[in-house]
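A.B. asks: Dumping the structure here so I can ask a few things about it.
The values are calculated or read from the model by the stated rules, or taken from the named source; none is laboratory data. Nothing here was measured: the structure is a model prediction, and the numbers come from that model. Methodologically, a virtual Cβ is constructed for each residue, glycine included, from the backbone with ideal geometry; neighbour enumeration extends over all protein chains shown.
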Amino acid sequence: MSPLFALSLFFVYGFIAWTVYISFTKSGVMPNYTFEGLSQYERLWATPRWYVALSNMFVFSALFIAISLAIGIFLAILLDQRVRIEGVIRTIYLYPMALSFIVTGTVWKWILNPGLGIQNFVRKAGFEDFTFDWLVNSNYAIYTIVIAAVWQSSGYAMALFLAGLRSVDDEILKAAAIDGAGAFRTYFSVVLPIMRPVFLSTVIILAHLAIKSFDLVIALTGGGPGYATDMPATFMYSFAFQRSELGVAAASAVMMLATVIAIVVPYLYSELRGPNR
Amino acid sequence: MSRKNLSGIVQQKGTQHVVMRTLLFLTLGVFCLYYLIPLIVMIATSLKSLEEIRAGSLLSLPQKVTFDAWTKAWSSACVGVRCDGLQPFFWNSVAMVVPAVTISTILGALNGYALTKWRFPGADIIFALILFGAFIPFQVILLPMARTLGVLGLAGTIPGLILVHVIYGLAFTTLFFRNFFIGVSSGIIQAAQIDGAGFFGIFFRIVLPMSLPAIVVTVIWQFTQIWNDFLFGIAFTVGDSNPVTVALNNVVNTSTGVKEYNVDMAAAIIAALPTLAVYVIAGAYFVRGLSAGAVKG
């Protein structure tokens, strides 16, 4: 048994160590194992494109998480009102999660394209001056990624919250009703505070999805126009496999890992320590 | 799960109740449309001719249904320089997903079993380390993996891609089985041990047969993840060995010739069909996998 554990841990931690080491060397097209200190990080942080990628990641993550949470909670509360066809509706809300981000990107690229998509649709409906060209506008293209990502993942947030709502003890709800609290008060001051752990894990999962987002960007905008919708994941890929700057690519991958560690490790620590000890 | 016996919450009487229920269903319906419209647009567009797409509008239904776009997407659309449609790449994905799911599920079951039922010193630490492996951004292992595949002679091949999916799927499969086995009583296993059964004997004769629910959840999760993967596919395969997601992206982004939106949409549906089918058939297990991936260790 232990060889299997050793091997799988090696492929994760050994490889991370390799990437971290490469980020401290002067590797270019080929790996070069001479230690060089922080020069790749200096180059990374002197690259304007890296700042675009970082700011895109923050804008995208913030909007994506906030909107998905809002839609998720809202729909979960609605579905919790003893809706008879709940199963069917839940299936509809959640099916985008079964799709590949490439499929999602392809569909939204078609819907959002200014020529024949929504813009054309509204213009034909009589609003000749209507403009919706976010997909090809470098200032707004990042928001099209938010639109597609929210469409795909908000049902997931709904499912997590619904499971959370179902685990709230009925006695507590009854007590609130006896005390004369209305539906709104019950949810806002009783139910949602109890669900704090569900909030936390949903945010962590969505944040983790956001930091890793690669497929959707490639399929929807290809990182463009120019590199306006670049994110750390696409930045890393393009420096590693297209521009053959292994050192900078490794350094950007290490920055991504550090971000994920900062978010996930405290969460995992509290999850593993918490209830069963 | 239902709350039939619950009295109190959101239960007004009379007209106010009727109004609230109507509003509730209206809102739920609007959101159904929100999630369904892209799928409807995708299907409708794939059944239209190019002329109809240019003349009509995004939401109109096809006037004259044609399956030309489907035939083209499946067997003659150009992916890069090769014009055999998605078909060869679809079979690449099948050839990749079947062994990758099978192997990673079996190894995950073994891992989970060893971590819970054959407790050894450091099992908790090893589990924590494996669990974190489920969260790492894969960018951090792309470069060493590319070199390793090169050294093994597997660069750009489907077996190479299978290996990658097995290795990085292990964190999830181990997590699923570990969480399942931790709720299974150790009594039978101890009894079998006393009777002289070994690690693998117990695994195959006792543990595996009773872990069917965990196997279903894991297989569905792994199937969806691996079929939908794009990053490993684009980083570790070339041309002829591309999985269907990479080929779809290439079809859509082929810049030569006229942009055929109907073919793009048909190709997207073809690439999505296997995971959609699994979702429709086994939705409950899919959801269970999603929430198991979400919570607890």
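A.B. asks: Restricting to segment B:147-170, give me the number of residues that are in contact (Cβ under 8 Å) with a residue 12 or more places away in the chain and more than 7 Å from every other protein chain (Cβ to nearest Cβ).
C.D. replies: Going through segment B:147-170 one residue at a time, the tally reaches 14.
A.B. asks: Go through segment A:56-108 and count every residue that is in contact with a Pro (Cβ under 9 Å, 6 or more places away or on another chain) and surrounded by fewer than 19 Cβ atoms within 10 Å (Cβ to Cβ).
C.D. replies: Final tally of qualifying residues: 0.
A.B. asks: Here is a follow-up. Considering only residues of segment B:264-274 that are within 9 Å of chain A (Cβ to nearest Cβ) and crowded, with 24+ Cβ neighbours inside 10 Å, which is nearest to A:Met97 (Cα to Cα)?
C.D. replies: Result: B:Ala272.
A.B. asks: Failed condition for A:Met97, given (1) over 14 Å from the mean Cα position of the chain (by Cα); (2) within 7 Å of another protein chain (Cβ to nearest Cβ), with all others met?
C.D. replies: (1)
A.B. asks: So, one more: So, in segment B:42-58, of the ones that are part of a loop (DSSP other than H, G, I, E, B) and under 23 Å from B:Leu273 (Cβ atoms), which residue ends up nearest to the other protein chains (Cβ to nearest Cβ)?
C.D. replies: Filtering first and then ranking leaves B:Leu58.
A.B. asks: Which condition does B:Pro144 not pass, out of (1) crowded, with 20+ Cβ neighbours inside 10 Å; (2) in contact (Cβ under 8 Å) with a residue 24 or more places away in the chain, if it passes all the others?
C.D. replies: The number of the failed condition is (2).
A.B. asks: Could you tell me whether any residue of segment B:239-248 is surrounded by 21 or more Cβ atoms within 10 Å (Cβ to Cβ) and among the acidic types (Asp, Glu)?
C.D. replies: no
A.B. asks: Here's a follow-up. Take the residues in segment A:209-251 that are surrounded by fewer than 19 Cβ atoms within 10 Å (Cβ to Cβ) and facing chain B (nearest Cβ under 8 Å); name whichever of them is farthest from A:Glu36 (Cα to Cα).
C.D. replies: Among residues in segment A:209-251 that are surrounded by fewer than 19 Cβ atoms within 10 Å (Cβ to Cβ) and facing chain B (nearest Cβ under 8 Å), the one farthest from A:Glu36 (Cα to Cα) is A:Gly222.
A.B. asks: Separate question: Go through segment B:60-78 and count every residue that is surrounded by 14 or more Cβ atoms within 10 Å (Cβ to Cβ) and either touching a Phe, Trp or Tyr at 6+ places or on another chain (Cβ under 7 Å) or polar (S, T, N, Q) (or both).
C.D. replies: Here the count works out to 3.
A.B. asks: Filter segment B:182-238 down to the residues that are outside any helix (DSSP H, G or I) and more than 14 Å from every other protein chain (Cβ to nearest Cβ), then identify the one that is surrounded by the most Cβ atoms within 10 Å (Cβ to Cβ).
C.D. replies: B:Ser211
A.B. asks: Go through (1) modelled with pLDDT under 85; (2) surrounded by 15 or more Cβ atoms within 10 Å (Cβ to Cβ) and name the single condition B:Ile106 misses.
C.D. replies: (1)
A.B. asks: Here is a further query. Identify, by number, the condition in (1) assigned to a helix (DSSP H, G or I); (2) touching a Gly at 6+ places or on another chain (Cβ under 7 Å); (3) under 28 Å from B:Ile269 (Cα atoms); (4) not polar (S, T, N, Q) that B:Ala77 doesn't meet.
C.D. replies: All conditions pass for B:Ala77, except number (1).
A.B. asks: Related question: Can you pull out every residue in segment B:205-242 that is in contact with a strand residue (DSSP E or B) (Cβ under 8 Å, 6 or more places away or on another chain) and of a type outside the set (Phe, Trp, Tyr)?
C.D. replies: Those that are in contact with a strand residue (DSSP E or B) (Cβ under 8 Å, 6 or more places away or on another chain) and of a type outside the set (Phe, Trp, Tyr): B:Thr237, B:Val238, B:Gly239, B:Asp240, B:Ser241, B:Asn242.
A.B. asks: So if I check each of A:Tyr51, A:Tyr41, A:Tyr13, which one is within 10 Å of chain B (Cβ to nearest Cβ), surrounded by fewer than 20 Cβ atoms within 10 Å (Cβ to Cβ) and among the aromatic types (Phe, Trp, Tyr)?
C.D. replies: It is A:Tyr13.
A.B. asks: Turning to a different aspect of this structure: Quickly run through segment B:122-138 and pick out the residues that are in contact (Cβ under 8 Å) with a residue 60 or more places away in the chain and either in a helix (DSSP H, G or I) or not assigned by TED's automatic domain parsing to the domain that holds B:Gly108 (or both).
C.D. replies: B:Phe127, B:Ala128, B:Leu131
A.B. asks: Moving to a separate point now. Counting residues that are among the aliphatic types (A, V, I, L, M), which helices (runs of 4 or more DSSP H) fully inside segment A:1-104 reach at least 2?
C.D. replies: Fully inside segment A:1-104 and qualifying: A:2-9, A:15-22, A:48-79, A:86-94.
A.B. asks: Output yes when any residue across segment B:120-138 is of a type outside the set (A, V, I, L, M, F, W, C), surrounded by fewer than 16 Cβ atoms within 10 Å (Cβ to Cβ) and within 23 Å of the chain's Cα centre (by Cα), and no when none is.
C.D. replies: no
A.B. asks: Based on what the data block shows, is A:Tyr143 within 11 Å of another protein chain (Cβ to nearest Cβ), on the phi < 0 side of the Ramachandran plot and modelled with pLDDT of 85 or more?
C.D. replies: no
A.B. asks: Sticking with this structure for a sec: How about segment B:139-181: which of its residues are outside any helix (DSSP H, G or I) and modelled with pLDDT of 90 or more?
C.D. replies: B:Gly153, B:Thr157
A.B. asks: For the structure I just gave you, tell me whether A:Met195 is more than 10 Å from chain B (Cβ to nearest Cβ), crowded, with 16+ Cβ neighbours inside 10 Å and out of contact with any Pro (no Cβ under 7 Å at 6 or more places or on another chain).
C.D. replies: yes
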